[in-house]
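For reference, the structure is listed below as structure tokens.
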Amino acid sequence: MANIASTSASAGSDLTARALREAVFAGLISLGLFVLFVGLKTDQNIRNELVLNQRWGLLAIFVIVAAVGRFLMVAYIQPAMARRKAAKAEAEDVVKEETFFKRNFSKIAIAALILYPPVIVALVGVQGSLKWVDNFGVQILIYVMLAWGLNIVVGLAGLLDLGYVAFYAVGAYSYALLSTYFGLSFWILLPVAGILAAFWGMILGFPVLRLRGDYLAIVTLAFGEIIRLVLINWTEVTKGTFGVSGIAKATLFGIKFDASKDGFAALMGLPMSSAYYKIFLFYLILALALLTAYVTIRLRRMPIGRAWEALREDEIACRSLGINTVTTKLTAFATGAMFGGIAGSFFAVRQGFVSPESFVFLESAVILAIVVLGGMGSLTGIAIAAVAMIGGTEILRELSFLKAVFGPDFTPELYRMLIFGLAMVVVMVWKPRGFVGSREPTAFLRERKAISGSFTKEGHG
Amino acid sequence: MALETTTMKKDPILSVEHLSMRFGGLMAINDFSFEAYRGDITALIGPNGAGKTTVFNCITGFYKPTMGMITMKQKSGKEYLLERLPDFEITKHAKVARTFQNIRMFSGLTVLENLLVAQHNKLMQASGYTFLGLLGFPAYKQASKESIELARHWLEKASLVDRADDPAGDLPYGAQRRLEIARAMCTGPELLCLDEPAAGLNPRESLALNELLRGIRAETGTSILLIEHDMSVVMEISDHVVVLEYGQKISDGNPDFVKNDPRVIAAYLGVEDEEVEEVIEQIEEIEGGQGGSKK
């Protein structure tokens, strides 16, 4: 016993001695490095003479930080990390009791989303809620729905689709054109837009059935551009780059959201505000996104969903098991496109205006980035990724206080894409399989175990 | 010759007639005919590059043969011309299932899910092509339960039931081989085609494989056609051996007959220059004998 105690004590003093030695060494190196950079500074004085400023205090701070930092690193942080790693390796055998929050994450998230508009209205008032409900809430939820739709094609079936925004455009224009030319209501056109987009998904699906991987990506990219160019150039119908404006708003069981006598505000006895319409739209897109999630979850447990995932894993094995890969691919394209189309018609009714500029390739890239960042196939991961990416870029608009730090010339908006790209690189290095890299099995015999991302394939077309 | 008369009585499940497959200038299979009999384990053997896997790919529709006819006769008497069917319909309608030389698992799906994917067509029908199942009709729930039971049955046969909820990619090699066979059996085939099922298995595992294959035949009456290099497996379990060399059949009969066929020995071991004459003589003798018996 005494022996063990003495060895551990000597190990402790050894560690401190080593840490001190390394700290002195780090201090010396930083002294050598910074003595000319920091310790001495050349300046011009008012007579244009070069003067040497000595900054020994600053140099001392640099050296002390380096030495103390090294000491702490060697003496405390490294042993602590090693201990944690060992503890983790030991704990792996023990069944981890998931926290209440983790187990019920989706339920809590849905409840929070339902409570979001009233809480915001209570906090910042009806007019102040406009920005938070519309710019953040609705905007993020649209992307959540789009990414969940694309997830069926890319995450489940493993078909890399770079032209997903085409179906979004089909949905948006279906609603915009059919409502302005034929005066059909939003509630009829919502499923119609979905069906039309699904139809276009099949049309895209046919020529690309034989393609895989890079080739499939290029053709879908081209398809997205074709749709956009048709929208620009078919001016008699789509009004080209001017876009379709004055698109009818959605109604709630026939109640309009306007200032008229039988409008929503008047009926409810509330002061007129456009915020009510936005809150209505928030709940609408929330319902549509949840519908997408529900259908995806259900489909994964159906033979077709399993066939999609099997297709991602190995197409030849699928065929050898009697699965018609042609119809399986087409249904994946069509189902994904349908949700894209429904989201598109919602987009049209929310904006009241659609133009081809909303459906550029960057949109496809952002949606795909959300799917990849979230973890292909995982609904929760994708939702988190959408909040991080879309919410993050919206937040960057708000960072005017950074002007105080970087000077008045600094405009955070200009750095949005830079920060965005940097953040993506960091996340992908940190979590190469996305936020949620594991896969939930769709059936189990004894216990449901998450499957590590290292086994699942990304698909190859 | 007694053997030949017994095989004559047997009912062929698969007959391959005058099969030829040409890849550009290469004649991979040249006028190859054989029959596999119902309830038999038929082995297709031959040296490397003899065209065994090509024959398999023609039977299972992954290649379209240049010439020839492949007839699958089901228990019900229904006949399918396999060279005319697309690959997935061969499994779906003609009930011919296959495995692959290099294992093709759905490695990211669990072992159980692998077996459920194999029951796709049955479940698809039960779920009313997804629509009724999506609406929660009970027919799908029932079928889903039954499919899990069938999967459990085959997992028990393949002694994989303990690993049912693990990802298939996590299984050791031998277990993946067994899983691939179990998965093929879940499609409910009448003819099971196995492409080198014992490749890479240790002696204990190949013994277990023999047991599994015998169990499959005894229980379901499924006929088995296999390509194999491992002679301990071939000679042990097969009832009928067909030998292929350079795309042509050189021998066909029961294992003992094939084992002692000079042409087979020559194909596998090669012949010394001075023995060539002798071997040719032997072959001619046999061929003369066969010709006589046929008349």
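Which residue out of A:424, A:376, A:417 is at pLDDT below 85, in contact with a Lys or Arg (Cβ under 9 Å, 6 or more places away or on another chain) and of a type outside the set (Phe, Trp, Tyr)? Break it down stepwise before answering.
Details: A:424 fails: in contact with a Lys or Arg (Cβ under 9 Å, 6 or more places away or on another chain); A:417 fails: in contact with a Lys or Arg (Cβ under 9 Å, 6 or more places away or on another chain).
On inspection, the qualifying residue turns out to be A:376.
Which of the following residues is on the phi > 0 side of the Ramachandran plot and not acidic (Asp, Glu): A:158, A:171? Write out each step before concluding.
On the way: A:171 fails: on the phi > 0 side of the Ramachandran plot.
Among A:158, A:171, only A:158 is on the phi > 0 side of the Ramachandran plot and not acidic (Asp, Glu).
Considering each of A:245, A:260 in turn, give the residue that is exposed (fewer than 15 other Cβ atoms within 10 Å of the Cβ), more than 23 Å from residue A:364 (Cβ to Cβ) and in contact with a strand residue (DSSP E or B) (Cβ under 6 Å, 6 or more places away or on another chain). Write out each step before concluding.
Details: A:260 fails: in contact with a strand residue (DSSP E or B) (Cβ under 6 Å, 6 or more places away or on another chain).
Checking each option against the conditions leaves just A:245.
Can you confirm whether residue A:199 is surrounded by fewer than 24 Cβ atoms within 10 Å (Cβ to Cβ) and within 23 Å of residue A:351 (Cα to Cα)? Walk me through how you get there before you give the answer.
On the way: surrounded by fewer than 24 Cβ atoms within 10 Å (Cβ to Cβ): yes; within 23 Å of residue A:351 (Cα to Cα): no.
Spelling it out, it is not the case that residue A:199 is surrounded by fewer than 24 Cβ atoms within 10 Å (Cβ to Cβ) and within 23 Å of residue A:351 (Cα to Cα).
Please count how many residues of the stretch A:208-235 are more than 14 Å from residue A:361 (Cα to Cα) and polar (S, T, N, Q).
Residues meeting the conditions: 2.
So which pairs qualify, if the first residue must be in the stretch A:310-323 and over 10 Å from residue B:87 (Cβ atoms) and within 7 Å of another protein chain (Cβ to nearest Cβ), the second must be assigned to a loop (DSSP other than H, G, I, E, B) and β-branched (Val, Ile, Thr), the Cβ gap must be under 6 Å, and the two must be at least 6 apart or on different chains?
Hits for this filter: A:321/B:187.
For the condition touching a residue at least 24 places away in the same chain (Cβ under 8 Å), touching a Leu at 6+ places or on another chain (Cβ under 8 Å), hydrophobic (A, V, I, L, M, F, W, C) and closer than 17 Å to residue B:103 by Cβ, what is the one hit in B:192, B:225, B:212?
Numbers: B:225 fails: closer than 17 Å to residue B:103 by Cβ; B:212 fails: touching a Leu at 6+ places or on another chain (Cβ under 8 Å).
Residue meeting the stated conditions: B:192.
Do we find that residue B:42 is in a strand (DSSP E or B) and under 14 Å from the mean Cα position of the chain (by Cα) in this structure?
Values: in a strand (DSSP E or B): yes; under 14 Å from the mean Cα position of the chain (by Cα): yes.
So residue B:42 passes the test.
Looking at the stretch B:80-138, which of the residues that are part of a helix (DSSP H, G or I) and touching a strand residue (DSSP E or B) at 6+ places or on another chain (Cβ under 7 Å) is nearest to the other protein chains (Cβ to nearest Cβ)? Explain how you work it out, then say what you get.
Of the residues in the stretch B:80-138, the ones part of a helix (DSSP H, G or I) are B:82-84, B:87-92, B:111-117, B:120-126, B:131-134, B:138.
Add one more test, that the residue is touching a strand residue (DSSP E or B) at 6+ places or on another chain (Cβ under 7 Å), and what stays is B:82-83, B:90-91.
Values: B:82: 13, B:83: 16, B:90: 8, B:91: 3 Å.
Once the filter is applied, the top-ranked residue is B:91.
Checking the structure you have, find out if any residue of the stretch B:33-45 is β-branched (Val, Ile, Thr), touching a His at 6+ places or on another chain (Cβ under 6 Å) and either under 30 Å from residue B:232 (Cα atoms) or more than 11 Å from chain A (Cβ to nearest Cβ) (or both). Step through it out loud before you land on a result.
Filtering the stretch B:33-45 down to residues β-branched (Val, Ile, Thr) leaves B:41-42, B:45.
Still in the running and touching a His at 6+ places or on another chain (Cβ under 6 Å): B:42.
Keeping just the survivors that are either under 30 Å from residue B:232 (Cα atoms) or more than 11 Å from chain A (Cβ to nearest Cβ) (or both) gives B:42.
Yes, the conditions are met somewhere in the stretch B:33-45.
Just for the stretch A:252-306: of the residues that are of a type in the set (D, E, K, R) and not in a loop (DSSP other than H, G, I, E, B), which one is farthest from residue A:117 (Cα to Cα)? Spell out how you get there, then give the answer.
If we filter the stretch A:252-306 for residues that are of a type in the set (D, E, K, R), which is where we start, we get A:256, A:258, A:261-262, A:278, A:298, A:300-301, A:306.
Remaining after also requiring not in a loop (DSSP other than H, G, I, E, B): A:278, A:298, A:300, A:306.
Details: A:278: 9, A:298: 28, A:300: 31, A:306: 37 Å.
Result: A:306.
Looking at residue A:212 and the list (1) within 17 Å of residue A:325 (Cβ to Cβ); (2) touching a Phe, Trp or Tyr at 6+ places or on another chain (Cβ under 7 Å), which single condition is not satisfied?
(2)
Name the one entry in B:52, B:92, B:75 that is closer than 14 Å to residue B:195 by Cα and assigned by TED's automatic domain parsing to the domain that holds residue B:248.
Numbers: B:92 fails: closer than 14 Å to residue B:195 by Cα; B:75 fails: closer than 14 Å to residue B:195 by Cα.
Being closer than 14 Å to residue B:195 by Cα and assigned by TED's automatic domain parsing to the domain that holds residue B:248 holds for just one of B:52, B:92, B:75, which is B:52.
Which residue, of B:66, B:60, is surrounded by fewer than 19 Cβ atoms within 10 Å (Cβ to Cβ), among the β-branched types (Val, Ile, Thr) and at pLDDT 85 or above? Don't jump to the end; show me each part of the working.
Working: B:60 fails: surrounded by fewer than 19 Cβ atoms within 10 Å (Cβ to Cβ).
Result: B:66 is the single residue among B:66, B:60 that is surrounded by fewer than 19 Cβ atoms within 10 Å (Cβ to Cβ), among the β-branched types (Val, Ile, Thr) and at pLDDT 85 or above.
Need a quick list: helices (runs of 4 or more DSSP H) entirely within the stretch A:100-155 having at least 1 residues that are within 19 Å of residue A:288 (Cα to Cα). Walk me through how you get there before you give the answer.
Numbers: elements: A:100-103, A:105-130, A:139-151.
Result: A:105-130, A:139-151.
For the stretch B:76-87, indicate whether the set of residues that are buried (at least 19 other Cβ atoms within 10 Å of the Cβ) and polar (S, T, N, Q) is non-empty.
No, the conditions are met nowhere in the stretch B:76-87.
The values are calculated or read from the model by the stated rules, or taken from the named source; none is laboratory data. Model, not experiment: these values are computed from the prediction. With ideal geometry, Cβ positions are generated from the backbone for all residues, glycine too; neighbour counts draw on all protein chains shown.
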